[in-house]
C-alpha cells in the first residue's frame, strides 16, 4: 500500500460506529478506485459488515484493536489509557508511514490530544489550529481556528493564515486562495491589539499569500474571501452560531411548506430549488475538520455524520494526503523570521 493512497480509519469512533463508518468507507472506496484503507477496530464486529462488499474486501484491511476511546473520555484520560485503542492506532499508522492521513468521528478532544502527542507539531508552529469548511454564497470558505485555541497572538494568527491558505488550495481546488482576518470592522483602527498587529505582519511579510485585509462576520457566509482567520474562541462561537441558524431555517422552511395544502403545492413546484438549498445546507456535504500544523494529517468527522458525511471526510483526507500542502506551509513558515516577518 502506498501511504498517499491509503487512509487510516478509526472504525470504532462516532455515534453510530462501526456501522456508519463502514458504510461511509464503502462509499468512499467506490468513488476513489485508487485508494485503500486500514480499518482499526474490533475484527469480530467489523468482519461481518464487510461481507459481500467487493470494494471493502479487496481494498480494506482490518487492523484489530480491542479498545476504543469513548465519547465521555477526557483528553487526559485518552492520553493515559488510550494507547492501543482504535483511535490511537489510526493516528499512529500515519506517524509510521503506513497511511497518508487518518479519519475519526470519535471524541474531538481525545483526537486532538492524541494527534498532537503522536504526530507532533511542524517546525515553526506554536499551536495547531482546527479548521472547518463553511458553505457560502460563492461556494465554500475555510475558517480557522474553530476551537483548538481559546486565544491566539499576532504571530499565531499569521501562522493560521499560512496553514489555512495551503489547506484551501489542497481541498477547495483554488490555485490562489484569498485570505482575510476576522475583525469587528474593516477600518484599520478596529479590533484588539493582536488582530491589528497580525494585520500589519501579514501586509508587510514576504509570505506568498493573497491577503485581503479585515473581514467581518457577515463576510464569512457571503464568501468574500476563501480563508477566514481568527482565534479559536471566536471561530467556535461563529461556527456554532452558523450551524444553529442553518437548523432554524431548515425547521422554519419545513413548517412553512407543510402548514396548508396551498403551501404543500408550492413546495412541489419549488422542489428543484429546495433540493439544491438542502444540499447546500446539509452538513454532510462539508463534513471534516482538520487539525493543521501537525507532522501528519488528522481529520475529524462529525460524530453524528451519516455514511455520506463520513465519506466526505475521507475524501478531504485523501485530497490532503495527495497534495503538498504541508510542504507549502513549511516553505512559507521559513519565510517568516522569529519576529514574524521576513525581509522583502
**Request:** Tell me, yes or no, whether the stretch 171-188 has at least one residue that is crowded, with 21+ Cβ neighbours inside 10 Å and at pLDDT below 90.
**Result:** yes
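Each row is one residue, and each column tells you yes or no for (1) surrounded by fewer than 22 Cβ atoms within 10 Å (Cβ to Cβ); (2) under 21 Å from residue 136 (Cα atoms); (3) in contact with a strand residue (DSSP E or B) (Cβ under 6 Å, 6 or more places away or on another chain).
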position: 161; (1), (2), (3): no, yes, yes
position: 196; (1), (2), (3): yes, no, no
position: 202; (1), (2), (3): no, no, yes
position: 208; (1), (2), (3): yes, no, no
position: 211; (1), (2), (3): yes, yes, yes
position: 222; (1), (2), (3): yes, yes, no
**Request:** Within the stretch 19-60, track down each residue that is touching a strand residue (DSSP E or B) at 6+ places or on another chain (Cβ under 8 Å), more than 14 Å from residue 313 (Cβ to Cβ) and not in a helix (DSSP H, G or I).
**Result:** 36, 38, 39, 40, 41, 42, 60
**Asked** Out of the residues in the stretch 228-246 that are without any contact (Cβ under 8 Å) to a residue 12 or more places away in the chain and surrounded by 12 or more Cβ atoms within 10 Å (Cβ to Cβ), which is farthest from residue 132 (Cα to Cα)?
**Response** 245
**Fill in**
The lone condition residue 151 fails out of (1) farther than 26 Å from residue 5 by Cα; (2) part of a loop (DSSP other than H, G, I, E, B); (3) under 16 Å from the mean Cα position of the chain (by Cα) is (3)
**Asked** Any idea how many residues of the stretch 290-323 are at pLDDT below 90 and under 23 Å from residue 123 (Cβ atoms)?
**Response** 2
**Fill in**
Scanning the stretch 47-82 residue by residue, those surrounded by 13 or more Cβ atoms within 10 Å (Cβ to Cβ) and under 12 Å from residue 26 (Cβ atoms) turn out to be 49, 50, 53, 55, 56, 59, 60
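Would the stretch 132-146 turn up any residue that is under 30 Å from residue 82 (Cα atoms) and not in a strand (DSSP E or B)?
Yes, the stretch 132-146 contains at least one residue that is under 30 Å from residue 82 (Cα atoms) and not in a strand (DSSP E or B).
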**Request:** Assess whether residue 164 counts as being assigned by TED's automatic domain parsing to the domain that holds residue 209 and free of Cβ contacts under 8 Å to residues at least 40 places away in the same chain.
**Result:** no
**Prompt:** What is the one condition in (1) out of contact with any strand residue (DSSP E or B) (no Cβ under 6 Å at 6 or more places or on another chain); (2) modelled with pLDDT of 95 or more; (3) closer than 17 Å to residue 23 by Cβ that residue 64 does not satisfy?
**Reply:** (3)
**Complete:** Subset of the stretch 81-111, residues more than 17 Å from residue 41 (Cα to Cα), assigned to a helix (DSSP H, G or I) and at pLDDT 90 or above, comes to 95
**Message:** Consider the stretch 191-211. How many of its residues are over 22 Å from residue 175 (Cβ atoms) and at pLDDT below 80?
**Reply:** 1
**The listed residue being closer than 21 Å to residue 302 by Cβ and at pLDDT below 95, out of 9, 22, 69** = 69
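The values are calculated or read from the model by the stated rules, or taken from the named source; none is laboratory data. Source: prediction; values computed, not measured. Here Cβ is always computed from backbone atoms with ideal geometry, including for glycine, and neighbour counts include all displayed protein chains.
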